[in-house]
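Any read-out appearing in this document is the output of simple, stated calculations on the displayed coordinates, not a laboratory observation. Just so it is clear, the model here is predicted, and its values are computed rather than measured. Every residue, glycine as well, gets a Cβ built from its backbone with ideal geometry; the counts of neighbours run over all protein chains shown.
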Amino acid sequence: MTRRFAAALAAAASIGLSGLAHAGLGDLIFAVDSNIDVVATFEGNGGASYTSLLFLDHPDNPLPNIFNNQATAPGTEVNLGTFASGELKFGIEVYPDGLGGDLEAIYYTGPASRNPDGFTHAIVEELGGNTLRVRFEDLYATNDTYEDLAFTLTNAMALPVPEPRTWAMLLAGLGVLGLLGLSRRPARLVRAPLPEN
Ligand SMILES: [Ca+2]
């Protein structure tokens, strides 16, 4: 193996790994224990100028207006209840001119494909002890600082979603393995025809 080839392999591997371990950008959120309440605590808005309302989009327990990033006092706790199953998919409604103005967009935790601009809008950090910090970005089509509406969650865990690039690499790898498998398969034994009589 040439040194250049080895370097190319290492670069490809690092790209794949960075796709899998992405510091919580776009992670999915789940309750750890279905018998224990999930409690959200508002942390702040990082100086955001837009108004954002946090809600939970859950089939069994949808919760509107959990926090208002301009009106809720940091440290405010809201008990979201228990969740027997399903992702805790949070969203923000973004009003650039306040609640009296137009709704600009709704952005969700999870992958970029959920959002109208195709950008990821939430980072999920693991703080230990089944506690997460979730931070939303309110600007359209921007990877800004993700500080516009931040809160913590107890009894919660994060699961990364592989990026499309990572899936493409995995599928390409499987395809190569498949081709190798075909080329290595021994020729099928052909049974000699039975004599006719
Ligand atoms: Ca921002």
Per-pair calculated FRET efficiency, R0 = 35 Å: A73 and L171 via Cβ, rounded to 0.05: 0.15
Counting other beta carbons within 10 Å of each residue's own, what order do L153, L127 fall into, fewest first? L127, L153
Extension gain from S49 to I36, taking 0.36 nm per residue of separation minus the Cα-Cα distance: 1.2 nm
Which order do the peptides 95-101, 36-42, 84-90 come out in when sorted by mean C-beta neighbours inside 10 angstrom, highest first? 36-42, 84-90, 95-101
Quick one: D102, D138, fewest Cβ neighbours within 10 Å first, how do they rank? D102, D138
